[in-house]
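One structure is given here, and the rest of the page talks about it.
The values are calculated or read from the model by the stated rules, or taken from the named source; none is laboratory data. On a predicted model such as this, the values are computed, not experimentally measured, just so you know. Here the Cβ is made from the backbone with ideal geometry for all residues, glycine too, and neighbour counts use every protein chain on show.
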Amino acid sequence: MLLMAVAEKDPFVLIGKLAGLHGIQGWFKVVSHTRPKDSIKKYKTWQIRANPSLPWQNMKVLSVRPQGKGLVARLDGVVDRTAAEKYVGWDIAIHEQQLPNLHKNEFYWRDLIGLRVINHEEQDFGVVDHLIETGANDVLVVKDGQTERLVPYVIDQYITSIDIEAGIIRVEWDADF
């Protein structure tokens, strides 16, 4: 009997990065991946880590505020610039349970990545590798080996259905595009 290991989905969602130092009192420059970018401040606890091979560390957020065109944050236990230096470049995440609930037919990008994309003619385009934001609408980047297709993420026009459980996105999109 052959048993296959199923990779567990990471319960943490990347929301930013501790990008640099600000001042001498242990503040960090923060790059936020949330939309809008200041939404990162609503999370009072962050998980941080230097790289994916290390475990997440729980950190209480004392303050997040705008600074110039960016954001700065202060974390509990980081009292000066010297203490903050070791955390520069670390990723910021939250537990997926901290994410807001979505309405019907709304999905987080992370839930679409890896889904198989099939068009109206039952042609298999491959899987969603990632998404890009274009301003007008988001775009699915679908890869099948060396072939890459860009499919606009426009519900009811190009995206006809999304079935997370089945792992399939159905699209109204020609294979020649």
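Results, tabulated for the structure shown:
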| read-out | value |
| --- | --- |
| Count of residues meeting criterion [in a helix (DSSP H, G or I) and of a type in the set (G, A, S)] in region 23-47 | 1 |
| Residues located in region 143-168, provided they are hydroxyl-bearing (S, T, Y) and either outside any strand (DSSP E or B) or under 20 Å from the mean Cα position of the chain (by Cα) (or both) | Y153, Y158 |
| Region 90-116 residues that are on the phi < 0 side of the Ramachandran plot and assigned by TED's automatic domain parsing to the domain that holds N58, paired with ones that are among the polar types (S, T, N, Q) and surrounded by 11 or more Cβ atoms within 10 Å (Cβ to Cβ) (beta carbon under 6 Å, 6 or more apart) | A93/Q47 |
| Region 86-100 - residue that is surrounded by 14 or more Cβ atoms within 10 Å (Cβ to Cβ) and part of a loop (DSSP other than H, G, I, E, B) and, of those, nearest to the chain's Cα centre (by Cα) | W90 |
| Pair list, Cβ under 7 Å, 6 or more apart: region 62-81 residue farther than 11 Å from V31 by Cα and in the same structural domain as H33 (by TED's automatic domain parsing), other residue of a type in the set (D, E) and in a loop (DSSP other than H, G, I, E, B) | L62/D76 |
| Any hit, region 61-80, residues being of a type outside the set (D, E, K, R), loosely packed, with under 14 Cβ neighbours inside 10 Å and in a strand (DSSP E or B) | yes |
| Qualifying residue in region 168-176 (condition: under 27 Å from P52 (Cβ atoms) and surrounded by 12 or more Cβ atoms within 10 Å (Cβ to Cβ)) | yes |
| Count of region 125-141 residues which are surrounded by 12 or more Cβ atoms within 10 Å (Cβ to Cβ) and either under 20 Å from D176 (Cα atoms) or within 15 Å of the chain's Cα centre (by Cα) (or both) | 11 |
| Residue in region 133-142 that is free of Cβ contacts under 8 Å to residues at least 60 places away in the same chain, over 23 Å from K104 (Cβ atoms) and part of a strand (DSSP E or B) present | yes |
